[in-house]
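Have a look at the structure below, then the notes.
The values are calculated or read from the model by the stated rules, or taken from the named source; none is laboratory data. The structure presented is a predicted model; accordingly, all values stated were derived computationally and were not measured. Because the Cβ atoms are built from the backbone with ideal geometry, glycine has one as well, and the counts that use them run over all protein chains shown. Quick note on the areas: whole protein, heavy atoms, side chains included, nothing else; ligands and nucleic acids left out. Shrake-Rupley method; radii C 1.70, N 1.55, O 1.52, S 1.80 Å.
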Amino acid sequence: MASEEPAAEQDPTQLQSTQELTVFVQNLLQQMQGRFATMSDQIISRIDEMGSRIDELESSIGELMAQAGVEEETAGEAAAGEVAETK
């Protein structure tokens, strides 16, 4: 029972080292929390950017499909017109 001393009777250097360790761990956790928040913000930003790029890509594909459809119809009509003229 003598080995379990109350906090008030502990060696001051041990008490100081315990306090330093507590402060160190708290600082470390705060740094980790800050880094996690920064990384989360960066990930969300990149996801938003990817969403915008996907929207732009879908728009471009739609435009290309529309152009290809118009060109195919135009080319098909021109070919049909040439055939009609040759008859």
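Here are the numbers:
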quantity	calculated
Number of positions in segment 51-87 that are at pLDDT below 60 and open to solvent by 100 Å² or more (accessible area, probe 1.4 Å)	6
So T38, is it modelled with pLDDT under 95, part of a helix (DSSP H, G or I) and β-branched (V, I, T)	no
Near pairs, Cβ below 8 angstrom, 6+ apart or cross-chain, from segment 38-53 (touching a residue at least 12 places away in the same chain (Cβ under 8 Å)) to any residue that is open to solvent by 90 Å² or more (accessible area, probe 1.4 Å) and β-branched (V, I, T)	none
